[in-house]
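Peer 1: Below are the structure tokens for one structure; questions will follow.
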Amino acid sequence: MIAAGSSPLFMAGKGCGACYDVKCTSNSACSGKPVTVVITDLSPGNLYPGEPCHFDMSGTALGAMAKPGMADKLRAGGVIRMQYKRVPCKYPGVNIAFRVDQGANPFYFKTLIEFEDDDGDLKAVALKEAGSGAWTPMAQDWGALWRLNNGRRLRAPFSLRLTSDSGRKLVVNNVIPANWKAGATYRSLVNYP
């Protein structure tokens, strides 16, 4: 259940991964039951004057808010008024995953961080190299992509320290192995409680 969010929700990428309960209120096909969506992209801005916060929802998410048998009617409803609230993300039975970007190499590391419970979005990520006790801050590239390019060869395995939007820290030790590959996904054994 995904949605693109307008600028106040996407927050220049910092809102990527945030979860919201959304329910529709203005269409006869609306069930009145909320669905939880994850912000995954930026929606076009300023589409609806006076409505700065809007969701461009996937067809699956929009249809899930409909009364039984009325999903297609709701999807064809055009602009639909919504109520929404920020909620913790929950991925039962799924641990945090790190998808290494195709352009990553021994001197440049970039990863997409997915499936964080709790806030869902991150305000900081740091990387610790093999044999080091120091955490090096990573830069947010776009959305849930974080990168480190410090001009020298990086020594794996890597541990990553995630800081949620509310300031909660989670350390994922040696999640990126010594023989990591660009394009591969590495699953952690942990998630926010």
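Peer 1: Report Tyr192's accessible area, 1.4 Å probe, all protein chains in place, as a number in Å² to the nearest 10.
Peer 2: Tyr192 has an accessible surface of roughly 10 Å² with all protein chains in place.
Peer 1: Where a Cα-Cα gap under 16 Å defines reach, which aspartates and glutamates qualify for Lys169, not counting those fewer than 8 residues away within the same chain?
Peer 2: Glu114, Glu116, Asp117, Asp118, Asp119, Asp121
Peer 1: Which value, in Å², gives the accessible area per residue of the chain when a 1.4 Å probe is used on the protein heavy atoms? Intermediate results must be reported in sequence, preceding the final value.
Peer 2: Values: 9780 Å² over 193 residues.
Result: 51 Å² of accessible area for each residue.
Peer 1: When the dipole is taken about the Cα centre of the chain, and only Lys, Arg (+1) and Asp, Glu (-1) are charged at their Cβ, what size is it in debye, to the nearest 20? Kindly include the intermediate steps, with their values, before the conclusion.
Peer 2: On the way: 23 positive and 15 negative charges, 65 e Å.
Here the size comes out at about 320 debye.
Peer 1: Of the peptides 113-119, 11-17, how do they stack up when ordered by the mean number of other Cβ atoms within 10 Å, highest first?
Peer 2: Numbers: 113-119: 20.3, 11-17: 18.1.
Order by mean packing, descending: 113-119, 11-17.
Peer 1: Dimensions of region 61-138 along principal axes (Cα, Å, largest first)?
Peer 2: If we take the Cα atoms of region 61-138, the spans are 58, 26, 25 Å.
Peer 1: Let's see if you can work this out: charge +1 on each Lys and Arg Cβ, -1 on each Asp and Glu Cβ, no other charges. What is the dipole magnitude of region 49-96 about its Cα centre, in debye to the nearest 20? Don't skip to the end; give the middle numbers.
Peer 2: Numbers: 7 positive and 3 negative charges, 41 e Å.
The calculated dipole for region 49-96 is roughly 200 debye.
Peer 1: Between their Cα atoms, which of Lys14/Lys181; Lys73/Lys110; Lys14/Lys128; Lys23/Lys128 are more than 32 Å away from each other? Please list the in-between numbers first.
Peer 2: On the way: Lys14/Lys181 26 Å; Lys73/Lys110 42 Å; Lys14/Lys128 22 Å; Lys23/Lys128 41 Å.
From Lys14/Lys181; Lys73/Lys110; Lys14/Lys128; Lys23/Lys128, over 32 Å: Lys73/Lys110; Lys23/Lys128.
Peer 1: Can you tell me how much longer the chain between Leu189 and Asn149 gets when fully stretched, taken as 0.36 nm per residue apart minus their C-alpha distance, in nm with one decimal?
Peer 2: Working: separation 40, 0.36 × 40 = 14.40 nm, distance 2.62 nm.
Stretched fully, the Leu189-Asn149 segment lengthens by 11.8 nm.
Peer 1: Reported to two decimal places, what Rg/Rh ratio describes region 97-187 when computed on Cα atoms with Rh from the Kirkwood expression?
Peer 2: Result: Rg/Rh = 0.92.
Peer 1: If ligands, DNA and RNA are left out, what is the accessible area of Val79 with a 1.4 Å probe, given in Å² to the nearest 10?
Peer 2: The value for Val79 is about 100 Å².
Peer 1: If you project the alpha carbons of region 2-86 onto the principal axes, what extent comes out on each, in Å, largest first?
Peer 2: Result for region 2-86: principal-axis Cα extents of 37, 25, 18 Å.
Peer 1: Provide Rg and Dmax in Å for the chain, with only Cα atoms included in the calculation.
Peer 2: Looking at the chain, its Cα Rg and Dmax stand at 18.9, 61 Å.
Peer 1: Continuing with this model, one more query. Taking 7 Å along the Cα-to-C-beta vector as the label spot, tell me the Lys181-Phe107 distance in nanometres, rounded to one decimal.
Peer 2: 2.4
The values are calculated or read from the model by the stated rules, or taken from the named source; none is laboratory data. Just so you know, these numbers come straight off a predicted model, no measurement behind them. Positions of Cβ are generated from backbone atoms using ideal geometry, with glycine treated the same way; all protein chains shown enter the neighbour counts. Keep in mind that these areas ignore ligands, DNA and RNA; they rest on the heavy atoms of the full protein, side chains included. Shrake-Rupley method; radii C 1.70, N 1.55, O 1.52, S 1.80 Å.
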